[in-house]
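> Before I ask anything, here is the structure I am working with.
The values are calculated or read from the model by the stated rules, or taken from the named source; none is laboratory data. Source: prediction; values computed, not measured. Glycine gets a Cβ as well: all are built from the backbone with ideal geometry, and neighbour counts include every protein chain shown.
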Amino acid sequence: MKYVLMYTNRPDLDAAVPPERHEEVYRAVYAWFGQNEAAFVDGGAELLGPETATTVHHGESGHRVVVDGPFTEAKENIGGFSIIDVPDIDAAIALVRTWPMLELPGNSVEIRPMVVDYSHLES
């Protein structure tokens, strides 16, 4: 089953982590990707900060509105994503439990199954 992993963090809590500790955990992240490469369909991407985001959303009268910054007003930031292919949600959870960034406060990984069958849309 394919899942998208969305890596989130809290920039306000990241600021309190000493640079040496952050660098140490970041090195562990690279090792983690190497150790688990068989599960990854797509390594995904690390994203730049939310201050670089542009969002297009539905506005008044159906017009599309473009705004600088992320659409959601959340404390959490989506820092990146990956796509994995594992047998089931338990395997996905087991993999994510070993994500090195979880050692730092405010970090989490959202796991979401992917839609892979669109046959119901065929006419």
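> Could you tell me whether G62 is within 30 Å of P19 (Cβ to Cβ) and modelled with pLDDT under 95?
no
> Next up: Among the residues of the stretch 27-49 satisfying the criterion of being closer than 18 Å to P105 by Cα and in contact (Cβ under 8 Å) with a residue 24 or more places away in the chain, which is surrounded by the fewest Cβ atoms within 10 Å (Cβ to Cβ)?
In this case the residue turns out to be G49.
> Any chance the stretch 65-86 includes a residue that's at pLDDT 90 or above and part of a loop (DSSP other than H, G, I, E, B)?
Within the stretch 65-86, one or more residues are at pLDDT 90 or above and part of a loop (DSSP other than H, G, I, E, B).
> Looking at E20 and the list (1) modelled with pLDDT under 95; (2) assigned to a helix (DSSP H, G or I); (3) acidic (D, E), which single condition is not satisfied?
(1)
> Now, a different point. Give the residues of the stretch 3-26 that are under 18 Å from T98 (Cα atoms) and either loosely packed, with under 12 Cβ neighbours inside 10 Å or not acidic (D, E) (or both), sorted by residue number. Before you say what the answer is, go through the steps one by one.
So in the stretch 3-26, the residues under 18 Å from T98 (Cα atoms) come out as 3-9, 21-26.
Scanning the stretch 3-26 gives Y3, V4, L5, M6, Y7, T8, N9, R21, H22, E23, V25, Y26.
> Filter the stretch 95-123 down to the residues that are surrounded by fewer than 12 Cβ atoms within 10 Å (Cβ to Cβ), assigned to a helix (DSSP H, G or I) and of a type in the set (A, V, I, L, M, F, W, C) and list them by number.
L121
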